[in-house]
């Protein structure tokens, strides 16, 4: 469902033409923590700049589609409290005329649950080992990418078939102490099972030397959307390579810190982890 926000009564005058404020469309209507809010601006003329303030951060509308629309995907953190939240859209036309519109977003409650793990002392130490700083830095740099072309079309596909051993967002305790919130889904499958690209993209990272994350791939799907694949036994793509949805990019393994063969699969929007299953069935009209 979409919320179609009505235009302001105020009209902006640009080059002698009366322009209404851009039409703002938001979907889904009532998202949950860990999901994504799709915001689209539809101005009557090209904008000089525009941005949306959401959850304490400003996200610019960087991209203009051929239709003249400006799309933006806003991540809803798993830590977002349920209730009413406000997103404020700002825009400016070439002649300096500007405006803003506030939108109320009702975030529904969600319980992610808790998972308790027992790891050997040598495995547990890898979480805080100085030797993992390099891999964390490289993964963070890859997830920071915001490229202009939207390569993904339609809903994502599951990269591997298997049992979901750890869902997204669960609070993970390691050896009795809270460690972190799980930022992806773990899919248990036999070692060597093919891992496929969840959507069209470009390989942003492919590294087989990581101590904590194991053999790792990051795919850039464009406009701030990326996917992450960890603990692989083999990597079958190279950095800069263009891949298609469903194409084999690696194999399931248990490299790095892993209690058994599985794929850790994550999806990130502007470096914020979101629920991969949300992308398996996108809201009507998104991702086309």
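Couple of notes before you dig in:
- Residue check for residue 154: modelled with pLDDT under 95, out of contact with any strand residue (DSSP E or B) (no Cβ under 7 Å at 6 or more places or on another chain) and assigned by TED's automatic domain parsing to the domain that holds residue 38: no
Condition check ((1) surrounded by 16 or more Cβ atoms within 10 Å (Cβ to Cβ); (2) at pLDDT below 95; (3) part of a strand (DSSP E or B)) across all residues:
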residue	(1), (2), (3)
33	yes, no, no
46	no, yes, no
62	yes, yes, no
68	no, yes, no
87	yes, no, yes
96	no, yes, no
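- The number of residues in the stretch 124-135 that are touching a residue at least 12 places away in the same chain (Cβ under 8 Å) and either more than 15 Å from residue 216 (Cα to Cα) or under 22 Å from the mean Cα position of the chain (by Cα) (or both) comes to 6.
- Qualifying residue in the stretch 236-248 (condition: under 21 Å from residue 164 (Cβ atoms) and free of Cβ contacts under 8 Å to residues at least 40 places away in the same chain): no
So that you can scan it fast, the table gives a plain yes or no per residue for (1) at pLDDT 95 or above; (2) in contact with a strand residue (DSSP E or B) (Cβ under 9 Å, 6 or more places away or on another chain); (3) within 30 Å of residue 41 (Cβ to Cβ); (4) surrounded by fewer than 17 Cβ atoms within 10 Å (Cβ to Cβ):
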{"residue": "236", "(1), (2), (3), (4)": "yes, yes, no, yes"}
{"residue": "250", "(1), (2), (3), (4)": "yes, yes, no, no"}
{"residue": "253", "(1), (2), (3), (4)": "yes, yes, no, no"}
{"residue": "262", "(1), (2), (3), (4)": "yes, yes, no, no"}
{"residue": "265", "(1), (2), (3), (4)": "yes, yes, no, no"}
{"residue": "268", "(1), (2), (3), (4)": "yes, yes, yes, no"}
{"residue": "279", "(1), (2), (3), (4)": "yes, yes, yes, no"}
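- Which numbered condition residue 227 misses (of (1) farther than 16 Å from residue 263 by Cβ; (2) in contact with a helix residue (DSSP H, G or I) (Cβ under 9 Å, 6 or more places away or on another chain)): (1)
- Flag if residue 59 is touching a strand residue (DSSP E or B) at 6+ places or on another chain (Cβ under 8 Å), over 20 Å from residue 268 (Cα atoms) and touching a residue at least 24 places away in the same chain (Cβ under 8 Å): no
- All positions within the stretch 185-204 that are in a strand (DSSP E or B), under 16 Å from the mean Cα position of the chain (by Cα) and crowded, with 21+ Cβ neighbours inside 10 Å: 185, 201, 204
- Only one of 199, 204 that is farther than 21 Å from residue 255 by Cβ and in contact with a helix residue (DSSP H, G or I) (Cβ under 9 Å, 6 or more places away or on another chain): 199
- Yes/no for residue 102 being loosely packed, with under 15 Cβ neighbours inside 10 Å, free of Cβ contacts under 8 Å to residues at least 12 places away in the same chain and not in a loop (DSSP other than H, G, I, E, B): no
- Residue in the stretch 160-168 that is farther than 19 Å from residue 250 by Cβ, touching a residue at least 40 places away in the same chain (Cβ under 8 Å) and not in a strand (DSSP E or B) present: yes
- Within the stretch 70-85, the residues that satisfy the criterion of being more than 25 Å from residue 164 (Cα to Cα) and either touching a residue at least 24 places away in the same chain (Cβ under 8 Å) or assigned to a loop (DSSP other than H, G, I, E, B) (or both) are 70, 71, 72, 73, 74, 81, 82, 83, 85.
- Hey, residue 244 touching a strand residue (DSSP E or B) at 6+ places or on another chain (Cβ under 8 Å), more than 24 Å from residue 55 (Cβ to Cβ) and surrounded by fewer than 18 Cβ atoms within 10 Å (Cβ to Cβ) or not: no
- The stretch 205-219, residues that are buried (at least 23 other Cβ atoms within 10 Å of the Cβ) and assigned to a strand (DSSP E or B): 216, 217, 218, 219
The values are calculated or read from the model by the stated rules, or taken from the named source; none is laboratory data. Because the structure is a prediction, the values reported are computed rather than measured. All Cβ positions, glycine included, derive from the backbone under ideal geometry; neighbour counts span all protein chains shown.
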